[in-house]
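**Q** For reference, the structure I am asking about is given below.
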Amino acid sequence: MHTIVKNGGYNLYLPTSKARGLTEPLIAACKAANQEYLADNPSAVPAMAITGSFIYAHPPNYCGINTLHFSKKNWRCMLNRFRKLGMDTVILQAAVWSELGECYYPSQHFAGYKIWNVAEPMLEAARELELSVFLGGYGSVTGWEEKLDTAIIEEEKLNQSACFRELLCYRDLFDGFYFAPETAYCGRRDAEREKFLNALYREFFLEIKELDSDMKILMSPATKHFPGKMAEMEDSWHALLEGVPLDIMAPQDSIGSCGNRLAYQDETYRAWSNICRDLNITFWSNIELFERRDALEGVSYNYTASPERIVAQINNAAPYAEKLICWEAPFYLNPDFGNRNKMLRDYLRKYIPSA
């Protein structure tokens, strides 16, 4: 249901026309439900600030900001805008993208991929601006595969380990590690799949801790709401994370991607909060700043959500999360890319004391 397409000098991972068509009813239903929620639950003031953002070489599945040729000066300019919005943390989504055949730092292990030097100037700029950096490693869609086996997991571990070990040459410039492959509870338990993903997480994360015991590890899985299934979701994640030394869980709220709705956020946040409490994991939340428009042809099919919807997302997260990060500030809070972007940027900036 997805395909790789060339976009200028880099690749994108896009849904097929058939997949877009299948999502149209979901997008329309979610948008209507969220509008109804906002009408019934008006709130103008965010209860927390968003203090971190994902960044990237380029988004893997749409046209956002292209940083493939950014200099340190370019990165300083962009990251300084984040600081003015009260942000102190950035997360590089991935240093490698398997499906795209792309690598964003000088690598020997991934020498067969197309390589750009994105990580080094970003890390240097972030350090000069005293931002905390979580450096993403090997990105893949392995966590979304329905069927996993030993060979797939072993190859994934090999590539994850090789990437992480190469990235350690920048250790003085980053504060934590972001595990890039995503997954989600998809409405039913799958013991075999859970076993394979648990082996991946446990063995790779233990390797990270053996190499650097002070390294903080961050994950940001998706949230999919299924009525009456949140207890089962908790059980599934307990199995996935058994024996896994994860430090920070920052689940996507999945409001933009339509995996969740504003009316269900409290229920899903309570489930995530229970998981993190039980496993002694710090709970952050990843606020999605976009709204889906998959039915559009082309490669730019998301746009910035309204301030009202973002405030609702923030306020639903506030009772549970210790910190809010977002997907993503480089594009969706960039006023150069339209009035919606500027409107949300300006709205959030009003509630940053230092702005």
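The values are calculated or read from the model by the stated rules, or taken from the named source; none is laboratory data. No experiment lies behind these values; they were computed from the predicted model shown. When we count neighbours, we look across all protein chains shown, and the Cβ atoms used for this are built from the backbone with ideal geometry, even at glycine. We work out accessible area using only protein heavy atoms, side chains counted, and drop any ligands, DNA or RNA first. Shrake-Rupley method; radii C 1.70, N 1.55, O 1.52, S 1.80 Å.
**Q** Classify region 103-248 from the C-alpha gyration tensor, please: rounded if a/c falls under 1.5, else prolate or oblate depending on whether a/b exceeds b/c. Don't skip to the end; give the middle numbers.
**A** On the way: a/c = 2.03, a/b = 1.66, b/c = 1.22.
Prolate, since a/c reaches 1.5 and a/b exceeds b/c.
**Q** Follow-up. Show which lysines lie in cross-link reach of Lys229 when reach means a straight Cα distance below 30 angstrom and same-chain residues fewer than eight apart are skipped.
**A** Partners within reach: Lys18, Lys31, Lys147, Lys195, Lys323.
**Q** OK, next. Could you tell me how far the Cα centroid of region 2-66 sits from the Cα centroid of region 193-226, in Å?
**A** That distance is 25 Å.
**Q** Further, regarding this structure: Given a cut-off of under 8 Å on Cα pairs at least six residues apart, what relative contact order in percent is computed for the chain?
**A** Relative contact order, the chain: 19 percent.
**Q** When DSSP beta bridges are limited to those with both residues in the chain, what percentage is antiparallel, rounded to the nearest 5?
**A** 25
**Q** Keeping all protein chains in position, work out how much accessible area Cys169 exposes to a 1.4 Å probe, and write it in Å² to the nearest 10.
**A** For Cys169, the solvent-accessible surface is approximately 100 Å².
**Q** What figure, in Å² to the nearest 10, do you get for the accessible area of Glu146 with a 1.4 Å probe and non-protein molecules left out?
**A** Here the residue's solvent-accessible area equals roughly 140 Å².
**Q** Cys63 accessible area, nearest 10 Å², 1.4 Å probe?
**A** Its accessible surface works out to 30 Å², give or take rounding.
**Q** Can you pull a Stokes-Einstein diffusion coefficient for region 16-67 at 37 °C (0.692 mPa s), Rh from Kirkwood over Cα pairs, as a whole number of µm²/s? Let's see the in-between values first.
**A** Values: Rh = 14.8 Å.
Taking Rh from Cα pairs, D becomes 222 µm²/s.
**Q** Pairing rule first: another cysteine's C-beta must sit under 4.7 Å. Under that rule, which cysteines of the chain stay single?
**A** Result for the chain is Cys63, Cys77, Cys103, Cys163, Cys169, Cys186, Cys276, Cys326, no neighbouring Cys Cβ within the cutoff.
**Q** Please report the carbon-and-sulfur percent of the accessible area for the chain; probe 1.4 Å, protein heavy atoms only, DNA, RNA and ligands left out.
**A** So the carbon and sulfur contribution to the accessible surface is 50 percent.
**Q** For region 1-160, build the convex hull from the C-alpha positions and give me its volume per residue in Å³.
**A** For region 1-160, the hull spanned by Cα atoms encloses 163 Å³ per residue.
**Q** If you build a Gaussian network model of the chain, linking Cα atoms that sit under 10 Å apart, which residue out of Arg81, Arg292, Arg277 swings the most?
**A** Result: Arg277 has the largest fluctuation of those listed.
**Q** So, one more: Rounded to the nearest 500, what is the 222 nm mean residue ellipticity of the chain from helices alone, with -39500 (n - 2.57) per DSSP H run of 4+ residues and division by all residues?
**A** So the calculated ellipticity at 222 nm is -12500 deg cm²/dmol.
**Q** Further question on the same structure: Along its three principal axes, how long is region 18-103 when you only count alpha carbons? Whole Å, largest extent first please.
**A** Rounded to whole Å, the extents work out to 46, 40, 15 Å.
**Q** So for region 1-125: antiparallel DSSP bridges make up what percent, rounded to the nearest 5?
**A** 55
**Q** Okay, moving on. If DNA, RNA and ligands are ignored and the probe is 1.4 Å, what is the ranking of Lys18, Lys73 by accessible area, most exposed first? Mind showing how you got there, number by number?
**A** On the way: Lys18 140, Lys73 165 Å².
Ranked list, largest accessible area first: Lys73, Lys18.
**Q** Let me ask you something else. Against the empirical 2.2 N^0.38 Å scaling, what ratio does the C-alpha Rg of region 212-354 come to?
**A** Working it through for region 212-354, the quotient is 1.12.
**Q** Would you kindly give the portion of the calculated P(r) for the chain that falls above 27 Å, as a percent of all Cα pairs? Can you show the working numbers first?
**A** Working: 27945 of 62835 pairs.
It works out to 44 percent of all Cα pairs.
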